[in-house]
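The values are calculated or read from the model by the stated rules, or taken from the named source; none is laboratory data. Small disclaimer: the values here were computed from a predicted structure and weren't measured. Backbone-built Cβ (ideal geometry, glycine too); neighbour counts: all protein chains shown.
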Amino acid sequence: MTNQAGGVEGLPREKVEQFDRELAPILKRYPPDRKASAMIPALRLGQALFGHVSPAVQALAADRLGTSPSRAEEVATFYVMLETHPTGKHLVELCTNVSCSLSGGDQLWAYLKRKLALAQAGSTTDGRYTLREVECLGSCGTAPAMLVDEEMYEQLTPQKVDAILGGLK
Amino acid sequence: MSDTLILSARWGKPDSAALSTYRADGGYAALDKALGMEPSLIVDEVKKSNLRGRGGAGFATGLKWTFLPKDVRPRYLTVNADESEPGTFKDRYIIEHDPHMLIEGIALTCYALDIHLAYVYIRGEFARQARILEKAVEEARAAGIIGSKLLGKKDFDLEIHVHRGAGAYICGEESALLESLEGKKGYPRLKPPFPAVVGLWGKPTIINNVETIANVPWIVQHGGDAFMALGTGKSGGTRLFGVSGHVNRPGVYEKPCHYNLKKLIMEDAGGILGGRKLKAVIPGGSSSPVLAAHEIDISLEFDAVKAAGSMSGSGGVIVFDESACMVRALARLTRFYAEESCGQCTPCREGTNWMEGICHKLEHGHGTAADVAKLEQVANSIAGNTICALGDAAAMPVQSFVKKFKAEFLQHAELHRCPSGDHGWGLTQAPRDAVAGPVRYAR
């Protein structure tokens, strides 16, 4: 996807203002001449405010950090936690790496697919969930583990998964 | 062997992450002591201590520090909290249970090396840990421990920031970490120059693992000799070993760095699930060559594990019992490396996908004996031919799994199915009660 598809002017103004307000304290963490270092936090902020890191959001971040949109695109497409396309309302990311699967991660993957009526990773038709397998979450002792909307849940069983997903808004 | 605990001593105490708890337990006394010392003497103590990098490479920390060019300023410190190696889950507990120990370590390191700006690069998936650390840094700043004057008295300014990643195993590689911290994709840099000479924003930069830095307060407080005495040979101190997989009591155990691997698994971690037999052990994170059951009666000290044909790496021990399928396990690991290869070097970008494809074929009964040979050939073509160590890290599990469990790979090819049926991950696949030092996590 190129950056021509959407410009910053297409984004809602009040959200852009909120983006600028919240970006200001983040920028203080980096030397004034190294603003581009804030690319990951800036895109993360954009994702939180606009839902995903669209070309327009990439252009916004690049503009505020004084760098090129291609630099923003390079980052947005490299890191798995940055979404360049819309996702479901809730993001469910299960680790199926070795330590988790030795403790039931693989079976949970099958369970989650069945529960959400998905044949493979992807979004439910009602747009409520996006389900995905992810790599090691650093929870190997308390395996299996998953992230739901970026928060970690550990020592999972099907019953726990039901309770966690059932408790979502 | 000593029972001294350096890293996990305060874990599990009420409100152990709070500044008041840390202070009540003598926290920041090492920094207070250091401020009366010549900075170079701190470096000398760390050199004497035989502290070696806990991130995986096991490089001598004090020696790394001396690579900084004498006359170039500014210098930076980046702390590597990108804990992403499968089987590794120790740094997170330092941050969760005792973040001020890390902050004191950072302050000491910065004071010793004349560094005034430090970043902790924490993996994006550690949202909670990042919040805990940010809160602790904020507390330290508000208490005047860091900021314009160290401990509110020494004319030495220090700022610490937490920088969250966004999901990329490669950013644990130190030069990829720097690229990421500069706001770019995580492509490792060609070395030399090493980061200690040309690092963050082109300036000399020291990159140390969380656990490495967390040891510094103890070393300053008790002396390098005392730390050295806890270990053996060229490795000093204790280490956090993570045990996961088919054991009764998975978790993180702090032990002297030359602790016995078999004892760690069979005694501390409670032995193998269901009384089954041990089949294989990955001793130091997924990249370290696998050991067969009869090879584990060894010291975990870096050089000892190397002598046994593997690596102590990040201290992440993954245990497989006899019901686990080695082809299935390797297939999952090759998928990890294919997914996480950054794509910069052709042998790794292409080779990891080839290895994943061949393992997948074998796992699902479509492979042949020629595929097993091809798998080894591809691994051998990646090793040593890439800019960073991810290529070797991807090749080593493949080379060792195929070498040590060749019969099982060939059986998959001949029978066109898994010889142990469809329970590829073993008979018991359920969460278990876990520990992190003195802390218990009931399932």
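For (1) under 20 Å from the mean Cα position of the chain (by Cα); (2) surrounded by fewer than 21 Cβ atoms within 10 Å (Cβ to Cβ), each residue gets a yes or a no:
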position: A:Q58; (1), (2): yes, no
position: A:S68; (1), (2): no, yes
position: A:V80; (1), (2): yes, yes
position: A:T84; (1), (2): yes, yes
position: A:L102; (1), (2): no, no
position: A:G105; (1), (2): no, no
position: A:Q120; (1), (2): yes, yes
position: A:T130; (1), (2): yes, no
position: A:A145; (1), (2): yes, no
Query - Identity of the residue in the stretch B:180-195, without any contact (Cβ under 8 Å) to a residue 24 or more places away in the chain and facing another protein chain (nearest Cβ under 10 Å), that ends up farthest from B:T78 (Cα to Cα) - result: B:K184
Report summary line: Within the stretch B:86-95, the residues that are over 11 Å from B:V210 (Cβ atoms) and either surrounded by fewer than 24 Cβ atoms within 10 Å (Cβ to Cβ) or out of contact with any strand residue (DSSP E or B) (no Cβ under 7 Å at 6 or more places or on another chain) (or both) are B:P86
Requested in this report: Scan the stretch B:237-263 for residues that are within 13 Å of chain A (Cβ to nearest Cβ) and either in a helix (DSSP H, G or I) or surrounded by fewer than 20 Cβ atoms within 10 Å (Cβ to Cβ) (or both) and jot them down.
Outcome: B:N248, B:R249
Report task. Could you check, for the stretch B:371-386, whether at least one of its residues is within 14 Å of chain A (Cβ to nearest Cβ) and within 16 Å of B:S287 (Cα to Cα)? Result -> no
**Report entry** Exclusive hit being in contact (Cβ under 8 Å) with a residue 40 or more places away in the chain and more than 13 Å from chain A (Cβ to nearest Cβ), set B:L300, B:L273
**Finding:** B:L300
**Report entry** Number of the exception - B:M396 against (1) within 24 Å of the chain's Cα centre (by Cα); (2) under 23 Å from B:L273 (Cβ atoms)
**Finding:** (2)
Query raised in the report: Are any residues in the stretch B:382-394 assigned to a helix (DSSP H, G or I) and either touching a residue at least 40 places away in the same chain (Cβ under 8 Å) or closer than 22 Å to B:L178 by Cα (or both), and if so, which ones?
Result: B:L390, B:G391, B:D392, B:A393, B:A394
Query raised in the report: Hey, which of the helices (runs of 4 or more DSSP H) in the stretch B:57-136, taking only ones fully inside, have at least 1 residues that are in contact with a Lys or Arg (Cβ under 8 Å, 6 or more places away or on another chain) and either without any contact (Cβ under 8 Å) to a residue 60 or more places away in the chain or within 14 Å of another protein chain (Cβ to nearest Cβ) (or both)?
Result: B:61-65, B:91-97
Report task. Select from the stretch B:87-130 the residues that are acidic (D, E) and within 21 Å of A:L147 (Cα to Cα) and write down the one among them that is nearest to the chain's Cα centre (by Cα). Result -> B:D91
Report task. Could you tell me whether the stretch A:7-21 includes any residue that is out of contact with any Asp or Glu (no Cβ under 6 Å at 6 or more places or on another chain), buried (at least 17 other Cβ atoms within 10 Å of the Cβ) and within 14 Å of another protein chain (Cβ to nearest Cβ)? Result -> no
**Report entry** Selected residue (criterion: farthest from the other protein chains (Cβ to nearest Cβ)) from residues of the stretch B:303-328 that are assigned to a helix (DSSP H, G or I) and in contact with a helix residue (DSSP H, G or I) (Cβ under 6 Å, 6 or more places away or on another chain)
**Finding:** B:V327
Query - Matching option when the condition is out of contact with any strand residue (DSSP E or B) (no Cβ under 7 Å at 6 or more places or on another chain), touching a residue at least 12 places away in the same chain (Cβ under 8 Å), part of a loop (DSSP other than H, G, I, E, B) and within 13 Å of another protein chain (Cβ to nearest Cβ), among B:R432, B:R417 - result: B:R432
Requested in this report: Just need a number here: residues in the stretch B:335-360 that are part of a helix (DSSP H, G or I) and more than 11 Å from chain A (Cβ to nearest Cβ).
Outcome: 15
Report summary line: Residues of the stretch B:105-119 being over 19 Å from B:H222 (Cβ atoms) and either outside the structural domain of B:I213 (by TED's automatic domain parsing) or of a type in the set (G, A, S) (or both), in sequence order, are B:A118
Query - Cβ pairs under 6 Å, 6+ apart, first in the stretch A:103-114 and more than 11 Å from chain B (Cβ to nearest Cβ) and touching a residue at least 12 places away in the same chain (Cβ under 8 Å), second assigned to a helix (DSSP H, G or I) and not basic (K, R) - result: A:Y111/A:P158
Report task. Select from the stretch A:147-169 the residues that are more than 7 Å from chain B (Cβ to nearest Cβ) and in a loop (DSSP other than H, G, I, E, B) and write down the one among them that is surrounded by the fewest Cβ atoms within 10 Å (Cβ to Cβ). Result -> A:K169
Query raised in the report: For the subset of the stretch B:196-232 comprising residues that are within 14 Å of chain A (Cβ to nearest Cβ) and among the polar types (S, T, N, Q), which member is surrounded by the most Cβ atoms within 10 Å (Cβ to Cβ)?
Result: B:T205
Report summary line: Scanning the stretch A:117-146 for residues that are in contact with a strand residue (DSSP E or B) (Cβ under 8 Å, 6 or more places away or on another chain) and charged (D, E, K, R), the one nearest to the other protein chains (Cβ to nearest Cβ) turns out to be A:E135
